[in-house]
Amino acid sequence: VPAEHRSAPSEGGFNFNNEMHELRRAGTQMSQIFRERCMRVD
């Protein structure tokens, strides 16, 4: 989408940096849950 047609994040538009931060954070949480549940050594 050309820049002149994009909505500002304050108007509900997409903010790439925020979205990437949230994806990285979610990935970190998912990997931690995986390690806790699946990588236990009894």
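Putting +1 on Lys and Arg Cβ atoms and -1 on Asp and Glu Cβ atoms, find which of VAL41, PRO9, MET30 reaches farthest to the positive end of the dipole of the chain.
VAL41
Give, in nm to one decimal, the length gained when the segment between ALA3 and ALA26 is fully stretched (0.36 nm per residue of separation minus the Cα-Cα distance).
Here the answer is 5.5 nm.
Tell me the angle of helix 16-38 to the major Cα principal axis of the chain, expressed in degrees between 0 and 90 and rounded to the nearest ten.
Between the helix axis and the principal axis of the chain, the angle is about 10 degrees.
Compute, for the chain, the length of the dipole vector about the Cα centre, with Cβ point charges of +1 (Lys, Arg) and -1 (Asp, Glu) only. Units Debye, rounded to 20.
Taking the Cα centre of the chain as origin, the dipole is about 260 debye.
Name the shape class, rounded, prolate or oblate, that the alpha-carbon gyration tensor gives for the chain, where a ≥ b ≥ c are the square roots of its eigenvalues, rounded holds for a/c under 1.5, and otherwise prolate holds if a/b is larger than b/c and oblate otherwise.
prolate
May I ask you to compute the full-extension gain from CYS38 to GLU11, defined as 0.36 nm times their residue separation minus their alpha-carbon distance, rounded to one decimal in nm? If you can, show how the numbers build up before the last one.
Values: separation 27, 0.36 × 27 = 9.72 nm, distance 4.17 nm.
Gain on stretching CYS38 to GLU11: 5.5 nm.
Quick note: the coordinates plus some simple rules give every number you see, no bench work behind them. Given the structure is predicted, the values throughout are model-derived calculations rather than measurements. In this analysis, Cβ positions are derived from the backbone assuming ideal geometry, glycine residues included, and neighbour counts consider all displayed protein chains.
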